[in-house]
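Student: Once you've had a glance at the structure underneath, I'll fire off some questions.
The values are calculated or read from the model by the stated rules, or taken from the named source; none is laboratory data. It should be emphasised that the depicted structure is a prediction, and the values quoted were computed from it without experimental measurement. When the accessible area is computed, the model is the full protein with side chains, heavy atoms only, and any ligands, DNA or RNA have been set aside. Shrake-Rupley method; radii C 1.70, N 1.55, O 1.52, S 1.80 Å.
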Amino acid sequence: MNRNRLFRAAVAASALLLCGCAIFTETYGFQDVDNWAARNEPLAESGKMKWSEFYSQYLEKVSATPVISHSPVVERLGIMVTASLFYERGRIDRTAFDSVQGIVRKYQTLDDPAANLLARNALVKALEASDKAQATPAPGR
């Protein structure tokens, strides 16, 4: 009887230790990614790094971080990769890019698919407005 209790205690202690290690690894991974973003976002802001490079690398780093579930964050970064490529190729202007980016920044701490829907909708509206502006002939033509 006493042996059985000792075995259960050892199993419980091992489980707690493994959970603690997993939580530490996950927290460290998130912190490492956050530090990378904090160091590199000013480079994108200043034009020393393309926004598409910043968001592509950010997406790679988040995807490589061992976490329980980070799919909304991955999706959000994918939206920003797309938005930055459209911006760099002239499909949307800086105001539209800033709008999408503002939504992503506002909701970046939420793992909520609704935040991604807001960002996606802002990007779609920006593309539609851009396409409409390009399709409208200039006066006098």
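Student: Check which residues have an amide H placed less than 5 Å from M49's amide H, if you skip close sequence neighbours.
Tutor: A44
Student: Still on this structure, please answer the following. Whenever you get a sec, line up F97, F30 from highest to lowest accessible area (probe 1.4 Å, protein heavy atoms).
Tutor: Working: F97 0, F30 90 Å².
Final ranking, largest accessible area leading: F30, F97.
Student: Quick one, can you get me the convex hull of the C-alpha atoms of region 74-129 expressed as volume per residue in Å³? Walk me through the numbers on the way to the answer.
Tutor: Numbers: hull volume 3.3 nm³, N = 56.
Measuring per residue, one finds 58 Å³ for the Cα hull of region 74-129.
Student: Starting from 0.36 nm per residue, how many nanometres of slack lie between L117 and N35 once their C-alpha separation is accounted for?
Tutor: Working: separation 82, 0.36 × 82 = 29.52 nm, distance 2.64 nm.
Extra length available between L117 and N35 comes to 26.9 nm.
Student: Could you list which residues have their amide H under 5 Å from that of I92, counting only those 5 or more apart in sequence or on another chain, with H placed in the peptide plane?
Tutor: Excluding prolines and chain starts, which carry no amide H, the hits are Y87.
Student: What's the extension gain from D131 to S46 if we count 0.36 nm per residue and subtract their Cα-Cα distance? It would help to have the intermediate numbers written out before the result.
Tutor: Numbers: separation 85, 0.36 × 85 = 30.60 nm, distance 2.78 nm.
Extra length from D131 to S46 when fully extended: 27.8 nm.
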